[in-house]
Amino acid sequence: MKNLYSKKIFRKFSAKYKKYRIPVELIERVYTSRLLGSDPRLVLHGGGNTSVKSISKDSDGESHEVIYVKGSGWDLSNIEPGGFPAVKINPLLKLLNKSHVSDEEMVDFIRKNLIDLSSPNPSVETLVHAIIKDKFVDHTHSNAILEICNRPNGKSLCQDIFGKDFLFVPYVMPGYRLAKKVHELYSDELNIKGMILYRHGIFTFGETSEVSYTRMINAVNKAESFIKNQNKNKIIKIRSKNIKFTSNEIAPLLRGYLCKKQNYILNFRSNKKILSDINNKNLKSILKRGVITPDHVIRTKPFPMVLNIDNCNSLRNLKNIFDKQFQKYRMDYIKYFNNNVKNNKTLILDPIPQIVVIQNLGIFSIGKSLNEAKINGDVSEMSIRTIGKIEERSHFQSIKKQDIFDVEYWSLEQAKIKKSPNQMTGKVVLVTGGAGTIGLATAKKFQQNGAEVIIIDKDRKKIENLASKNSIESLYCDITNRNFFKKVLEKICVTYGGIDILVSNAGAAIQSEMINISDQKLLESFNINFFSHQIAASESVKIMQSQKNGGCLLFNISKQSVNPGMNFGSYGTSKAALLALCKQYALEYGKFKIRSNGVNADRIESGLLTNEMIKKRAKSRNTSTEKYLKGNLLNLQVFAEDVAEAFYNLANSEKTSAAILTVDGGNIEASMR
Ligand code: ZN
């Protein structure tokens, strides 16, 4: 591992912060924290923490000795000075003289001693940082250190490799207990460079950020070179094989087993390296032993699900395997819970795996959002690799099951992942014609309420523009082409695990008198206003059926379907067919708990109803454009956001199917029976 510290780069880096009057040691702290955070072999996604001791003034202008320590919710790779709340250090040290303090009390106490009460919560390891006398303290979960710790002879190896330079701290639950342990073992007189936290990670310290960082890199290098010089055991790998099923076929099936209690996103990953890591013949029993550092349990659960479907030739067979394995996982998890739970107030978490490894295929990771699923996947990929390396040279051994459990059910860890779930959390919503005014408003509505939203559109320019903004997944697709749509849907299944709600919104309006419209133009209208909806709905319903978790189809129909307008026949006739399609899906797939509903909107300014077209439509109805847009019973103009609201409400109306909701400000002629 390379030492990336550079005085020259630091000078440039600190210049950016000059105008903010930030203490130089805090800028130094930010700089080396980022160096640590940028290497996934040291920390991953919010793991690890760092600190610096300094002086700070409170709002009354009184000076205090403080410790700036990483705030929770911040990631070392991109942390800013604001990510380091300042805590008065002297009261913290007094807290260590108590015989016991609960972790919740400790967090409250630390918060009370913040210089700025609006700061984020300081790390749960704040007390450990405060005990160390050196100015700078760095803590990581370095893979190389974990590779050495998590062996049967981990303790003696650590002592041999690091000697007297590093204090050896036996495994203790993070939080107040770990702080007490460090308080008991550490003394300034020891003259040490750092501490090895058995089966947890490593601390280094120093009077400058460079010294502390360099000590971290040197220690990791020492561990790495020890590992490199060891002979390797022979690992038996299963033969690589092409599995009969693809990841996009498997994903919706798996998702069906997972989304019983709530919805989850299922993200798939695979490559040569991953395949080599997961094809160990004994992978299942090895991974059952536990985690490499306690922090990982909230990402991976105490053990993943490991499957081998190499000889599975039929879908029935595959479902049988899944039935059995999910039942088994559930039983194993409940057993683990019952064996380790200490009080009856603790509620069991959803007894489903957070990671599903399919040998010869890849890793599926599960989360309440795509982001969470990806983080869980990153952590598990790295941890499976590290465990594999341990097995190559020794035997992987984890902390005790009880210790893993205590961290998994620790309120401070759960707080990291627990966000109040929005109504749409874990749901996958696909919007066709999503780059248009109504499509985009609808996509945003669902996204704001916690759903994962993908929009597709055949307007390539608009899609590329939206994709570059990166706020919503935008894919180019011509929805009138079934194969094109199927490919996009496969991609969605691999990334998200499936689909829950289809907003079938694509449409186009062509104006012409019936006797003058060419057959080709009429066909074109039917292609986009009817057949594209049939393609989207039929392919989406197949996925929904695999998931066995219901589903929701939402069609953007039009009031033209029941109340035709002059010279608008090609639009009205195709939309009338769409209305029938919406009802047909409600009829045929209700038994699968798949609902089908539509919205009849009217007179909304959009890409479809352009200014020019509004003028024409107004003229054909002998009225002004303003009157045309407000020409309804409520005398109110209707906007794309109103249509989005209707789609959203229909999606949430769990017991409504075959319904058409009008969004037109009230129009008796277009009202439904
Ligand atoms: Zn840690």
> Condition test on ALA658, is it in contact with a Phe, Trp or Tyr (Cβ under 8 Å, 6 or more places away or on another chain) and over 13 Å from ASN556 (Cβ atoms)?
Replying inline: no
> Quick one: which of GLY426, GLY450 is assigned to a loop (DSSP other than H, G, I, E, B), of a type in the set (Gly, Ala, Ser), farther than 29 Å from LEU609 by Cβ and in contact with a Cys (Cβ under 9 Å, 6 or more places away or on another chain)?
Replying inline: GLY426
>> Looking at SER72 and the list (1) at pLDDT 90 or above; (2) within 30 Å of ARG385 (Cα to Cα); (3) within 16 Å of the ligand (Cβ to nearest atom), which single condition is not satisfied?
In response: (1)
> What helices (runs of 4 or more DSSP H) lie completely within the range 231-294 and have 1 or more residues being closer than 29 Å to ARG393 by Cα?
Replying inline: 272-278, 283-287
> Could we say that LYS181 is free of Cβ contacts under 8 Å to residues at least 40 places away in the same chain, within 16 Å of the ligand (Cβ to nearest atom) and assigned to a helix (DSSP H, G or I) here?
Replying inline: yes
>> I want to confirm something. Restricting to the range 514-523 and keeping residues that are in a helix (DSSP H, G or I) and touching a residue at least 24 places away in the same chain (Cβ under 8 Å), which single residue is surrounded by the most Cβ atoms within 10 Å (Cβ to Cβ)?
In response: LEU522
> For the subset of the range 606-640 comprising residues that are of a type in the set (A, V, I, L, M) and in a loop (DSSP other than H, G, I, E, B), which member is nearest to ASN667 (Cα to Cα)?
Replying inline: LEU633
> Does any residue in the range 191-216 that is more than 13 Å from ASP165 (Cβ to Cβ) come within less than 8 Å, Cβ to Cβ, of a residue that is among the small types (Gly, Ala, Ser) and within 13 Å of the ligand (Cβ to nearest atom) six or more places away or on a different chain, and which pairs are these?
Replying inline: GLY201/GLY48; GLY201/SER142
> Looking only at the range 485-513, which residues are without any contact (Cβ under 8 Å) to a residue 60 or more places away in the chain and closer than 22 Å to GLU612 by Cβ?
Replying inline: SER512, GLU513
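Take ILE321 and decide whether it is modelled with pLDDT of 95 or more and surrounded by fewer than 18 Cβ atoms within 10 Å (Cβ to Cβ).
yes
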>> Whether any residue in the range 148-171 is away from the ligand (no atom under 12 Å from the Cβ), of a type in the set (Ser, Thr, Tyr) and in contact (Cβ under 8 Å) with a residue 40 or more places away in the chain is what I want to check.
In response: no
> Got a sec? Which helices (runs of 4 or more DSSP H) wholly within the range 83-145 have at least 1 residues that are of a type in the set (D, E, K, R)?
Replying inline: 89-95, 103-112
> Out of all the residues in the range 36-69, which are within 36 Å of the chain's Cα centre (by Cα) and either at positive phi or part of a loop (DSSP other than H, G, I, E, B) (or both)?
Replying inline: SER38, ASP39, PRO40, ARG41, LEU42, VAL43, LEU44, HIS45, GLY46, GLY47, GLY48
>> I'd like the residue in the range 409-454 that is more than 19 Å from the chain's Cα centre (by Cα) and within 24 Å of VAL341 (Cβ to Cβ) and, out of all such residues, is modelled with the lowest pLDDT.
In response: LEU412
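The values are calculated or read from the model by the stated rules, or taken from the named source; none is laboratory data. Quick caveat, the model's predicted, so the values are computed rather than measured. All Cβ positions, even for glycine, are placed from backbone atoms using ideal geometry, and neighbour counts span all protein chains on display.
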